[in-house]
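Everything on this sheet refers to the single structure shown next.
The values are calculated or read from the model by the stated rules, or taken from the named source; none is laboratory data. Predicted model only: the values in this text are computed from it and were never measured. When we count neighbours, we look across all protein chains shown, and the Cβ atoms used for this are built from the backbone with ideal geometry, even at glycine.
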């Protein structure tokens with residue numbers, strides 16, 4: 001049995017920890033550092049492109065683009081998707097059934 005107020009304290013503590021983590025990452029400039037790294041990488045690719053043009057190498061745009069494709073699929077998200085589809089089907093059937101009942105009531 002869960003003690004009274006335990007769930008509330010747990011949720012509030014979790015939210016506080018998340019807030020502190022985000023605040024510290026913002027205060028230390030983590031996001032700006034990540035953006036700076038992207039900028040440096042872009043400048044390096046531009047220099048590499050210019051050198052390749054001067055050397056007369058064959059140029060392919062794929063060599064100079066950084067493709068970062070993130071896959072957010074995991075067990076929890078897949079389960080959530082399946083659950084939402086099941087719920088959607090049941091809700092759709094329920095609404096259709098309710099509308100049929102209402103239709104019969106008003107037509108007859």
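Details
- Of residues in the range 61-72 being loosely packed, with under 10 Cβ neighbours inside 10 Å and either assigned by TED's automatic domain parsing to the domain that holds residue 42 or part of a helix (DSSP H, G or I) (or both), the one nearest to the chain's Cα centre (by Cα): 62
- Screening the candidates 49, 106 for the property of being under 30 Å from residue 34 (Cα atoms), at pLDDT below 90 and assigned to a helix (DSSP H, G or I) yields one hit, 49.
- Of all the criteria given as (1) in a helix (DSSP H, G or I); (2) surrounded by 10 or more Cβ atoms within 10 Å (Cβ to Cβ), the one not satisfied by residue 57 is (1).
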